[in-house]
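A short worksheet on the structure shown next.
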Amino acid sequence: MVTDTTAPATWLTQEAYDRLTAELDHLKGEGRAEITGRIAAAREEGDLKENGGYHAARE
């Protein structure tokens, strides 16, 4: 593994690290399932070019 030493280090408190780790776990799990469901529901509405709900769900 190569470490990029040109980027400045970002220091986190343990509390911030734990919060960000929990948020990442949520987004990888149930958060992803929620977003997938919203995209599928918007896709069922029809034409994706003019489907604002679809584009909003994707973002």
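Values quoted throughout were computed directly from the atomic coordinates according to the rules given, and no laboratory measurement underlies them. Predicted model, so just to flag it, every value in this text is computed and none were measured. With ideal geometry, Cβ positions are generated from the backbone for all residues, glycine too; neighbour counts draw on all protein chains shown.
Between LYS28 and THR13, the distance separating the two model label sites (each 7 Å from Cα on the Cα→Cβ line) works out to 2.5 nm.
I need the peptides 23-32, 36-45 ranked by packing, meaning the mean over residues of other C-beta atoms within 10 angstrom, with the highest value on top.
Working: 23-32: 11.1, 36-45: 12.9.
Most protected by this proxy first, the peptides run 36-45, 23-32.
Per-residue Karplus couplings for the stretch 22-38, computed as 6.51 cos²θ - 1.76 cosθ + 1.60 with θ equal to phi - 60°, are listed in order as 5, 5, 5, 4, 4, 5, 6, x, 5, x, 5, 4, 5, 5, 4, x, 5 Hz, Gly and Pro entered as x.
The HN-Hα couplings worked out from phi for the stretch 10-21 by the Karplus form 6.51 cos²θ - 1.76 cosθ + 1.60 (θ = phi - 60°) are 10, 8, 10, 6, 4, 4, 5, 4, 4, 5, 5, 5 Hz, whole numbers, x standing for Gly and Pro.
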